[in-house]
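Data first, discussion second: the structure below is written as structure tokens.
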Amino acid sequence: MKIGFMRRSTALTVAASLALGMALGISTAAQADHQWSSYHWERDGIDPLIITVADNHVAVDANLPEWELILKSVVAGWASGADGGYGGLHFGTIDSSGSLDGNVPSFNDNYGDTGWLGIASIWVTRGKNKHITRGQSKVNDFYVTLAGYDGFDQIEEWRAVLCQEIGHTLGLAHTAVDYTCMNTEDRPLRYETPNAHDTEMLDAMYAEDHGSDGGGGGGGPCKKKKNKFCAGAIGVSRATWAEHYDSEEAMFDAADAVVDVTVMSSAFSGLIGRSQGAVPVTRVVLRVEDTLSGFTRPVIVLEQTRGPSLEIIDDPGYVQGDSYTLYLRQIDNNTYRTVNPSGRIRN
């Protein structure tokens, strides 16, 4: 399996982002085994399999213009492996010659105060053998220079975020193990590369060619399918959040408002970002039943990164009639977001 790097030099279009997994299990042993569900690429007789990472990054902010170098460093880290490769995964550089297409397009943009640093998404086939057919990543450089978010103006932080995004396209989830970018429990996000256990995981997932029977391996995405995401494939997404709290008390202190609410309506309201790189936004109207901290008002609006083409697993859609206690961060006059997914407690 070879991972390639594609750079696009012309005006970019952007696709949805690739997936972040959560730590699996409760015990230390379970957390160490961090394949994301059973997701993997289908090799199906192809050796070496070439997975291309397409560079669709631009310098949105002068304080962090080195996206191309960051991505190259991240891809090289995943492609090298402890013994020169993960089960046949070797590094290769591919010039995209202006082509956007790749197995894993990767993007950045200023998406605003969404609460997330990066979103990761993969498209997987339905049924027992969930093969990855496409992976995409997005990072939100709104947080590069925003006052109050220490460390996000550092290249090292963004290497850690993007490293995790690319790791998820290969089928890895979060882990509590140190010294790997798949760890999101430690802040700042200081681990910029995979570790030896990531190597072991990918070796186990991809070392043998199991064909199309659901074993390890990957595959050129949807070779004989008309739809580039594969007919019948579904998307799954997660996010890396800008804020992290160790206790409900700390989250309470950090919130601009804490309220008990009932969902009045939830509807797709538009896109934010450039062209195909835009992320969908859903507008949620909430009736305030009780104010525990902060403002006093009867109705508020919450903006959530979600829409027809994207739903984040750890921040699912709101359903009319549901009740929550929300820990909110104000982003506009009467518009809010939860401080992170933990700031949404169902009543």
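Rule-based calculations on the coordinates, nothing more; no lab input. Treat the numbers as computed from the prediction; the structure is a model and nothing was measured. So basically every Cβ, Gly included, is an ideal-geometry build from the backbone, and we count neighbours across all protein chains shown.
Tabulated data
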quantity	calculated
Of the trypsin sites (Lys or Arg not before Pro) in segment 301-347, those whose Cβ has at most 14 other Cβ within 10 Å and which sit in DSSP loop	none
Residues with amide H under 5 Å from that of Glu289, placed H, sequence gap 5 or more	Asp260, Val261, Thr262
Percentage relative contact order, segment 248-346, counting C-alpha pairs under 8 Å, at least six apart	31 percent
Taking all pairs of distinct alpha-carbon atoms in segment 248-346, Kirkwood radius in angstrom	13.7 Å
